[in-house]
1. Modelled with pLDDT under 95, over 30 Å from ASP26 (Cβ atoms) and hydrophobic (A, V, I, L, M, F, W, C): which single residue out of LEU167, LEU158, LEU181, LEU171 fits that description?
2. Could you list, in sequence order, the residues of segment 62-94 that are modelled with pLDDT of 95 or more, part of a loop (DSSP other than H, G, I, E, B) and touching a Pro at 6+ places or on another chain (Cβ under 8 Å)?
3. Enumerate the pairs (first residue in segment 44-72 and closer than 17 Å to ASN18 by Cα and outside the structural domain of LEU181 (by TED's automatic domain parsing); second residue anywhere and part of a strand (DSSP E or B) and aromatic (Phe, Trp, Tyr)) with beta-carbon separation below 6 Å, excluding pairs fewer than 6 apart on the same chain, so at least 6 apart or on different chains.
4. Being part of a loop (DSSP other than H, G, I, E, B), within 24 Å of PRO146 (Cβ to Cβ) and touching a Ser or Thr at 6+ places or on another chain (Cβ under 7 Å) is the filter here; which residues of segment 16-61 pass it?
5. If we scan segment 111-134, do we find a residue that is surrounded by 20 or more Cβ atoms within 10 Å (Cβ to Cβ), more than 30 Å from ARG195 (Cα to Cα) and touching a Gly at 6+ places or on another chain (Cβ under 9 Å)?
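The values are calculated or read from the model by the stated rules, or taken from the named source; none is laboratory data. These numbers were taken from a predicted model, which means no experiment stands behind them. Because the Cβ atoms are built from the backbone with ideal geometry, glycine has one as well, and the counts that use them run over all protein chains shown.
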Amino acid sequence: MEIEGCPLPEDRLYDLENDVWWVSEDGGSTARVGVLGPLAAFAGPFTSLTFRPVEGVVGRGRSVATVESMRFTGAIRLPVDAEVVERNRNVSERPRLVNDAPYGDGWVVRVRPVRPDDVAHHLETADQVAGRLAERIRTQRIRCWPATPDVELYEIGLECSAVLTMLNEDLQGRPAGAHVLLVTDDPTSPIEMVRWSDQTGHTVRTYRREGTLHQFLIRKEAHPVPRRRGSG
């Protein structure tokens, strides 16, 4: 399922209060725990994930790790009493993985619940949290994208030619694979961005319009191949 453009997998349970998901393994004897995608989108690129050196049973609501970004710092808390049996070292070495794959490789810990029956009591299905999550996404103006933008360029009140000049200058200083979120109010931008992508070989992954604003998620290609020539 998708909520306001944000994926919400239906194969797991959710603790909306603590922004974590839970997916059972081995018949419920263990489970993986991770961060909700909307939180990762709201926080922006995570710069660090630090595991707490906890041992034995960790109580419900207690933290097992802390994540930080430029605009967010928060704890990752367990939804039920459980013992941590594995920490995903990949996310501590590359915190951005929590943003890019929050429901996949970006899982945080694997745990063993003390009382498996607590899981159904304290967690909810995707259907049960959908309405409240949608309201949160709208209230906090959260925008989920296929990849987390490395930078957001807001170019308001400029003609598209000037916007594209600034976009090209920004891309020059970024590594291959970087994503730029471009926001402009130029009404010709949907057509011009198609032309720009064809001429430069860089990819416009997603386009979204909200009112008068046009939003483009752009990926810088390692070896861009222009699909046609143009005057720019």
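1. Details: LEU167 fails: modelled with pLDDT under 95; LEU181 fails: modelled with pLDDT under 95; LEU171 fails: modelled with pLDDT under 95.
Step by step, each of LEU167, LEU158, LEU181, LEU171 is checked, and only LEU158 is modelled with pLDDT under 95, over 30 Å from ASP26 (Cβ atoms) and hydrophobic (A, V, I, L, M, F, W, C).
2. If the condition is that a residue be modelled with pLDDT of 95 or more, part of a loop (DSSP other than H, G, I, E, B) and touching a Pro at 6+ places or on another chain (Cβ under 8 Å), then VAL80, ASP81 are the ones that fit.
3. If the second residue must be part of a strand (DSSP E or B) and aromatic (Phe, Trp, Tyr), the pairs left are ALA65/PHE51; VAL67/PHE46.
4. Correct list: GLY44, PRO45.
5. Yes, segment 111-134 contains a residue that is surrounded by 20 or more Cβ atoms within 10 Å (Cβ to Cβ), more than 30 Å from ARG195 (Cα to Cα) and touching a Gly at 6+ places or on another chain (Cβ under 9 Å).
So that you can scan it fast, the table gives a plain yes or no per residue for (1) under 23 Å from GLN140 (Cα atoms); (2) modelled with pLDDT under 95; (3) of a type in the set (Val, Ile, Thr); (4) in contact with an Asp or Glu (Cβ under 9 Å, 6 or more places away or on another chain):
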{"position": "PRO7", "(1), (2), (3), (4)": "yes, no, no, no"}
{"position": "GLU17", "(1), (2), (3), (4)": "yes, no, no, no"}
{"position": "PHE46", "(1), (2), (3), (4)": "yes, no, no, yes"}
{"position": "THR50", "(1), (2), (3), (4)": "no, no, yes, yes"}
